Amino acid sequence: MNRTFTPDGPLRGQVTPPADKSISHRAALFGAMNDAPVTVRNYLDADDTQSTLNALRALGAGVDESSPGEMVIRGVGLHAALETTEGRLDVGNSGTLLRLLPGWLAGQAGSAWTLDGDESIRRRPIDRVAKPLREMGATVDAREERFTPMTVHGADLHAIDYTLPVATAQVKSCVLIAGMLASGQTSVTEPAQSRDHTERMLARARVPFERDGLTVRVSATDELELEEITVPADPSSAAFHAAAAAIVPRSRIVLCDIGLNWTRTAFFRVLERMGGVVVGELEQPEDGIRGVEPKGDLDITQAPLEAAEVGGDEVPLAIDELPLVALLGCFAEGETVVRNAEELRVKETDRLAATVDGLRGLGADIEATDDGFVVRGGRGLKGGRIDAQGDHRMAMLGAVAGLASREGVEVVGMEAAGVSYPGFEDDLASLRGG
């Protein structure tokens, strides 16, 4: 499905983006591991998160969808004894599900489950989760040792002290979930802080764990204690509207009920640094872990932008929004540089190459580096055609680029946006009409 987006004037009004994808996945998974029913409100209804619900149903959990976005998950318990003969789970296009679910399956001794997905998932490596799970005592088989189909054979796990080679919330979460089922105390140390949604969920479920700097330790537990979870709006989805408002002249929008967890709002801090006007109470880093996800409104106003450098500890906290930093760089005075972003190469596509090639095709002065890109800005974008390549974030990037371009942008494969934001075009149209 191709769509063309043209520069039709300023964006105005307010919009509430869909529920947070990362938290929705975790809410469903932790609900399935709970013994008592868990009510989940504002669950994201998108392709990725439906894959999670379908997988949990296959594992025996009940999902009662009482109204749109609200459901009751009737779990099977943390120690579920998931015995299988031909256990196959389709993760669709969900990298989060692919990497978190094995942590639970690995602790179910005597069970074996095979995870597989679409063509994109089959290109995404899983060796980062296979390695620590094997060290904990599970058997993990994979195509070429690092791709799906991947079969997880459950076992009686033992604790490990694991250091992540790359800061990634998905692998960290997998090990922490397995740690709840392992004898002893499991620790995970990151080279930099990544998203902390799993830690907040552990705190909410009263799981014995602690954080000391970049190390998180979790101990074996018998059961989780969850009752209800309300999912805030996704800041990664909101970032596309924010970027549009920042580069389309005379724009001003309000993003409502956005998750303001400090490990998710790095893009908005970068936008402020580049000169964008962002009004709202972003959460500040703190030592302890609370079991809540803060939320609030953000007011974004277009303003002249200046180039910035992004790298180091900032990258894991803005990994999904870095293509938008490249787009902002096209309209900023000076040279915008992103470093330490190798992780973009193992997303739904090689998102680093897709961003550079896609924006260059629209007239950007951009080049790839070994670990990021350099954008020489100040001249904006002419427009043209961009192929989403099945990547939801590339589809939305192309749409936003079209609104700020001089001639418009045709997005090939716009339907990919449905993976995380099924109503994206409608919400964008409401702001254009505002």
Specify the residue with the greatest mean-square fluctuation among Pro235, Pro125, Pro191, computed from a Gaussian network of the chain linking alpha-carbon atoms under 10 Å apart. Pro191
Using alpha carbons only, how many degrees (0 to 90, rounded to 10) separate the axis of helix 392-404 from the longest principal axis of the chain? 20 degrees
Quote the FRET efficiency, to the nearest 0.05, computed for Gln14 versus Glu70 with a Förster distance R0 of 30 Å and r equal to the Cβ-Cβ distance. 0.85
Calculated FRET value between Ala192 and Val412, using beta carbons and R₀ = 25 Å, to 0.05: 0.10
For a quick check: sort Val63, Val409 by the number of other beta carbons within 10 angstrom, fewest at the front. Val63, Val409
Radius 14 Å from Cβ of Asp299, net charge of other residues (Lys, Arg +1; Asp, Glu -1): -2
Could you work out [θ]222 nm for the chain from helices alone, using -39500 (n - 2.57) per DSSP H run of at least four and dividing by all its residues? Round to the nearest 500 deg cm²/dmol. -9000 deg cm²/dmol
How large is log10 of I(q)/I(0) for segment 21-230 at q = 0.09, 0.10, 0.18 Å⁻¹ when the intensity is taken from the Debye formula with one equal scatterer per alpha-carbon? -0.29, -0.36, -1.33
Treating the angle as unsigned and between 0 and 90°, give the value, to the nearest 10°, between the Cα long axis of helix 235-247 and the longest Cα principal axis of the chain. 10 degrees
Which value in nm describes the separation of the simple spin-label points at Asp90 and Trp262, placed 7 Å from the Cα toward the beta carbon? 4.3 nm
Out of (1) 119; (2) 135; (3) 204, which label holds the value of volume of the Cα convex hull per residue in Å³ that was computed here? (1)
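Count charges around Pro18 for me, please; just the other residues with Cβ under 9 Å from its Cβ, Lys/Arg as +1, Asp/Glu as -1.
Details: positive: Lys21; negative: Asp20, Asp45, Asp234, Asp427.
After counting each charged neighbour, the total is -3.
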Find how much the distance from Arg290 to Ser219 grows on full extension, using 0.36 nm per residue of separation minus their present alpha carbon separation; answer in nm with one decimal. 23.8 nm
Distance in nm between label sites at Asp161 and Glu119, each 7 Å beyond Cα in the beta-carbon direction? 4.6 nm
Can you pull the one-decimal nm distance between simple spin-label points at Glu145 and Met1, each 7 Å off the Cα toward Cβ? 4.2 nm
The helix 95-105 Cα axis meets the longest alpha-carbon principal axis of the chain at an angle in degrees, between 0 and 90 and rounded to 10, of 10 degrees
Cβ-derived FRET efficiency at R0 30 Å, Arg379 paired with Ser430, nearest 0.05: 0.50
Most exposed first by the Cβ proxy, i.e. fewest other Cβ within 10 Å, how do Met414, Met201 rank? Met414, Met201
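A short reminder: the numbers here are calculations on the coordinates, not readings from a lab. What you see is a predicted model, and the numbers here were worked out from it, not measured in a lab. Note that we place each Cβ from the backbone using ideal geometry, even for glycine, and neighbour counts take in every protein chain shown.
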